[in-house]
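Colleague: I'd like to ask you about the structure that follows.
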Amino acid sequence: MFLEQAIFATVIDSTPLVSIDLVVINENNQALLGKRLNRPAKGYWFVPGGRILKNESLENAFKRLTKDELGEQYLINEASLLGPYDHFYDDCVFNEATSTHYVAIAYMLKVKRSILDDLPIAEQHSNYNWLSIEELLNDNDVHKHTKWYFEVINTKGILE
């Protein structure tokens, strides 16, 4: 269930939001990142993902978000859980004065083909790009919360 803006603004100001972040990896071990159009993290390269809605199961949220963010629906059992992460921001989607706290549940999803041509543009991201892990870890335009996922992947040797 999506909330009216005034109610959602109160929720953001009062409680953490729970989301799924999609760490999408292609057959060349490159990561899919989108250039964020909205606060928080506006203007940064970030992994696709989104909020889990009230009364929406984790499994259904995963299907909805992969369809909405990647243009193709995937099942949660096709992904590997990387774990939960706290994301703290000084702003929110509505203004720069309200902070946002996400509890982001990160899942790594390996795709066998390039999905770049089918990705939705203009709602959350202005552009998409495949970057090597080394490239994104060294790019100042990649948000630190996105880098955290790949630091863990590197440390644990998950893609080796």
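The values are calculated or read from the model by the stated rules, or taken from the named source; none is laboratory data. What you are looking at is a predicted structure, and each value in this text was computed from that prediction instead of being measured. Virtual Cβ from ideal backbone geometry, glycine too; neighbours counted across all protein chains shown. These accessible areas exclude ligands, DNA and RNA; they are computed on the full protein's heavy atoms, side chains included. Shrake-Rupley method; radii C 1.70, N 1.55, O 1.52, S 1.80 Å.
Colleague: Given [x] 53, 33, 30; [y] 51, 39, 25; [z] 45, 32, 30 as candidate values of Cα extents along the principal axes in Å, which corresponds to the one derived from the coordinates?
Modeller: [z]
Colleague: Here's something else I'd like to know. Could you check which residue among 23, 93, 142 shows the biggest mean-square fluctuation in a GNM of the chain with a 10 Å Cα cutoff?
Modeller: Comparing 23, 93, 142 in the GNM, the peak value goes to 93.
Colleague: Can you grab the distance from the C-alpha centre of region 22-40 to the C-alpha centre of region 83-160, Å, no decimals?
Modeller: Region 22-40 and region 83-160 have Cα centres separated by 5 Å.
Colleague: Where does each of 106-112, 55-61 land if you order them by average Cβ count within 10 Å, highest first? Kindly include the intermediate steps, with their values, before the conclusion.
Modeller: Numbers: 106-112: 17.6, 55-61: 13.0.
Per-residue mean Cβ counts within 10 Å order the peptides as 106-112, 55-61.
Colleague: Additional query: Can you pull out the chymotrypsin sites (Phe, Trp or Tyr not before Pro) in region 1-84 whose DSSP state is coil and whose Cβ has at most 15 other Cβ atoms within 10 Å?
Modeller: Values: sites: 2, 8, 44, 45, 46, 62, 74; in loops: 2, 44, 74.
Here the chymotrypsin sites (Phe, Trp or Tyr not before Pro) that fit, given the DSSP loop and packing criteria, are 2.
Colleague: Roughly how many percent of the accessible protein surface of region 18-160 is carbon and sulfur, given a 1.4 Å probe and a whole-percent answer? Please report the intermediate quantities before stating the final value.
Modeller: Details: 3220 of 7380 Å².
That fraction is 44 percent.
Colleague: Would you work out which of 12, 150, 107 lies farthest towards the positive end of the dipole of the chain? Charges go on Cβ: Lys and Arg +1, Asp and Glu -1.
Modeller: With unit charges placed on the Cβ atoms, the residue in question is 107.
Colleague: Go ahead and run the numbers for FRET between residue 129 and residue 88, Cβ-Cβ distance against an R0 of 30 Å, rounding to 0.05.
Modeller: Values: r = 26 Å, r/R0 = 0.85.
Efficiency at R0 = 30 Å is approximately 0.70.
Colleague: Hey, another quick one. Membrane-span-like helices in the chain: DSSP H runs reaching 30 Å or more (Cα, own axis), mean Kyte hydropathy at least 0.5?
Modeller: For the chain, where a helix must reach 30 Å along its axis and average at least 0.5, there are no hits.
Colleague: How far apart, in nm, are the 7 Å Cα→Cβ label points at residue 138 and residue 60?
Modeller: Those two pseudo-labels are separated by 4.5 nm.
Colleague: Per residue, how many Å² of accessible area does the chain show with a 1.4 Å probe?
Modeller: Numbers: 8660 Å² over 160 residues.
Counting only protein heavy atoms, the per-residue value for the chain is 54 Å².
Colleague: Can you return the lysines within cross-link range of residue 42? Criterion is Cα-Cα under 16 Å, with same-chain partners fewer than 8 residues away left out.
Modeller: 144, 147
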